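The values are calculated or read from the model by the stated rules, or taken from the named source; none is laboratory data. What you see is a predicted model, and the numbers here were worked out from it, not measured in a lab. Don't worry about glycine lacking a Cβ; one is built from the backbone with ideal geometry, like all the others, and counts go over all protein chains shown. The area values use the complete protein model at the heavy-atom level, side chains included, leaving out ligands, DNA and RNA. Shrake-Rupley method; radii C 1.70, N 1.55, O 1.52, S 1.80 Å.
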Amino acid sequence: MNEREIETIEINLLLEAIYQRYGYDFRRYARASIKRRILNFLNKSGLPHISDMTRVLLRDEAFFKEILKNFTISVTEMFRDPDFYQAISHEIIPYLKTYPFIKIWHAGCATGEEVYSLAILLKEEGLYDRATIFATDIYDEVLSRAKEGIYSLAQMQKYTVNYQKAGGHRSFSDYYHAQYDSAIIDTSLAKNITFAKHNLVTDSVFGEMHLIMCRNVLIYFNSSLQEQVLHLFYDSLPHGGFLCLGSKETLRFTKVNRHFKEVDGQAKLYQKIS
Amino acid sequence: MKTRTEKYEMIVIGVSAGGTEALGKILPELPENFPLPVTVVQHMHPSQDAFLSRYLNERCAVTVKEASDKEPVQPAHVYFAPANYHLLIEENRTFSLSVDEKVHFSRPSIDVLFESAVDAYGSCLVGIILTGANRDGASGLKLIKQSGGMAIIQDPATASSCYMPKSAVDAVDADYILPLDDIGPFLREKFSPVSRQATR
Ligand SMILES: C[S@@+](CC[C@H](N)C(=O)[O-])C[C@H]1O[C@@H](n2cnc3c(N)ncnc32)[C@H](O)[C@@H]1O
């Protein structure tokens, strides 16, 4: 058996230990990415082998928290893929306008940039006051950052460009105030947003939603876990409800596909039809 | 028994500045029945669409496309990493994508692809570093070589941007250092079924 095969055993045991000890289930995450993250962590920790990580994490919760932080690297941005937001405005907003109230779920919201982006769009379309927005993630530390809504001022230039390309009608700086090198998101945007911890793998349906956004989360799962989570979304949507995925995620090869209509193939917008 | 060249099952290519021209020379040399899959990381602007793979697909006998998440690897296909995503190969030889942090200021990163490809293919892997102005790929190519795979580097003198192939030459004891014009024909001859017949 070579070193790589031994490492595979070690990774299996590590993920099993995390699951049994702390309840976080990473066993069906796409292996190549999770392995990179484990090896990155191992490198930084100074421990010789992955099995040493397992030994330590079983009794040392603080150590596990560090691993968790590494497993949930949450790279995100405001108005990521501006065309996506254009497509939402054109394809989905007209539907939502016909509802007296709207429930929206951001699953895997990370530090919240995507949540505030959609909130801005809803505001400009005059829909914000009708909306109840749930934003969930597996990791509480990113959720508290999302709740604060404080981002680096240095990013705002790029986000302003994204916002304009996304079809924003106003001046992007209306939505935050600068303080030293931070940009603090306007509190009026947070009014209807509830941030909550929710694990897509082990927790159940969150409630019935008119619109579910789950972008750049499914790519981290293996196919069987993707199916399971898509089923959860299916169960959370009423007839006519919308599901929005990341720009490289698709329902095309999945079992739930036949229950959805592709509203915009490029933007990955789907509508539940049966 | 497999001959020495028949053991190879995947070619991975890393390229940065000057890549459109370099790939435009190499990939059209591959015949329609080329038995290996090829996976390419070309550094590009995050908002770039699939223009390059579409452009090359029109000029190549093999199928050139952007890799999709969970897509199974097939021979005679050239897969490109999508802009702004890392591309990885799983042990079951399907692709997966990630938006993890940039590596060497790059997403997609060559090292990320190469390291995952070593896990999936072990010694049955061919790694190629072409023109570029970045250090990405050198450590991945070294790992390919250490794991028993084949390492090829474009001769820096023929690269429109020589820093990346130079970094690779410094890091790796390459099997071949080839001028740009020779790389396509080399791959065709070494790995095509016709040449295999001839060596039997
Ligand atoms: C790359 S971020 C995506 C952020 C945002 N949706 C976007 O596209 O910009 C992935 C997020 O998914 C979260 N995540 C990973 N596994 C999860 C799970 N099982 N349940 C809920 N969230 C999860 C991570 O913590 C991380 O914040």
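Numerical summary
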read-out: Residue list for region A:123-147, restricted to those being more than 15 Å from the ligand (Cβ to nearest atom) and either under 19 Å from A:GLU208 (Cα atoms) or open to solvent by 60 Å² or more (accessible area, probe 1.4 Å) (or both); value: A:LYS123, A:LEU127, A:TYR128, A:ASP129, A:ARG130, A:ALA131, A:THR132
read-out: B:ALA133 vs. criteria assigned to a loop (DSSP other than H, G, I, E, B) and touching a His at 6+ places or on another chain (Cβ under 8 Å); value: no
read-out: Residue count for region A:152-162, restricted to those that are within 14 Å of chain B (Cβ to nearest Cβ) and either within 16 Å of the ligand (Cβ to nearest atom) or touching a residue at least 60 places away in the same chain (Cβ under 8 Å) (or both); value: 4
read-out: Pair list, Cβ < 8 Å and 6+ apart or interchain, from region A:57-80 residues that are within 11 Å of chain B (Cβ to nearest Cβ) and at pLDDT below 95 to residues that are near the ligand (Cβ under 7 Å from one of its atoms) and open to solvent by 20 Å² or more (accessible area, probe 1.4 Å); value: A:THR72/A:ILE138
read-out: Within region A:23-39, considering residues that are within 11 Å of the ligand (Cβ to nearest atom) and in a helix (DSSP H, G or I), the one surrounded by the fewest Cβ atoms within 10 Å (Cβ to Cβ); value: A:ILE34
read-out: Breaking point among (1) in contact (Cβ under 8 Å) with a residue 60 or more places away in the chain; (2) within 16 Å of the ligand (Cβ to nearest atom), for A:SER89; value: (2)
read-out: Residues satisfying the stated conditions in region A:165-218, i.e. outside any strand (DSSP E or B), loosely packed, with under 15 Cβ neighbours inside 10 Å and away from the ligand (no atom under 14 Å from the Cβ); value: A:HIS169, A:ARG170, A:SER171, A:SER173, A:ASP174, A:TYR180, A:ASP181, A:THR187, A:SER188, A:LYS191, A:GLY207, A:GLU208
read-out: Contacts under 7 angstrom Cβ, first residue in region A:123-151 being closer than 14 Å to A:GLY108 by Cβ and without any contact (Cβ under 8 Å) to a residue 60 or more places away in the chain, partner open to solvent by less than 60 Å² (accessible area, probe 1.4 Å) and of a type in the set (A, V, I, L, M, F, W, C), 6 or more apart; value: A:LEU143/A:PHE195; A:ALA146/A:CYS109; A:ALA146/A:VAL115; A:ALA146/A:ALA135; A:ALA146/A:PHE195
read-out: Flag if B:VAL103 is over 18 Å from A:SER74 (Cα atoms) and either basic (Lys, Arg) or more than 7 Å from chain A (Cβ to nearest Cβ) (or both); value: no
read-out: Condition broken by A:ASP264, with the remaining ones in (1) within 21 Å of the chain's Cα centre (by Cα); (2) more than 30 Å from B:ILE89 (Cβ to Cβ); (3) among the acidic types (Asp, Glu) satisfied; value: (2)
read-out: Residue within region A:254-265 that is among the hydroxyl-bearing types (Ser, Thr, Tyr) and either within 16 Å of the ligand (Cβ to nearest atom) or out of contact with any helix residue (DSSP H, G or I) (no Cβ under 8 Å at 6 or more places or on another chain) (or both) present; value: no
read-out: Residue among A:TYR85, A:TYR19 that alone is at pLDDT 95 or above, in a helix (DSSP H, G or I) and over 30 Å from A:GLU125 (Cα atoms); value: A:TYR19
read-out: Options A:ILE34, A:ILE38, A:ILE11, A:ILE18; residue that is more than 24 Å from the chain's Cα centre (by Cα) and among the β-branched types (Val, Ile, Thr); value: A:ILE11
read-out: Looking only at region A:233-253, and only at residues there that are open to solvent by 20 Å² or more (accessible area, probe 1.4 Å) and free of Cβ contacts under 8 Å to residues at least 60 places away in the same chain, the one that is farthest from the ligand (Cβ to nearest atom); value: A:HIS239
read-out: Those residues of region B:83-105 which are crowded, with 22+ Cβ neighbours inside 10 Å and touching an Asp or Glu at 6+ places or on another chain (Cβ under 7 Å), in sequence order; value: B:HIS86, B:PHE95, B:SER96, B:LEU97
read-out: Scan of region B:159-198 for residues that are hydroxyl-bearing (Ser, Thr, Tyr), open to solvent by 50 Å² or more (accessible area, probe 1.4 Å) and in a helix (DSSP H, G or I), ordered by number; value: B:TYR163
read-out: Any hit, region B:74-83, residues being without any contact (Cβ under 8 Å) to a residue 40 or more places away in the chain and more than 8 Å from chain A (Cβ to nearest Cβ); value: yes
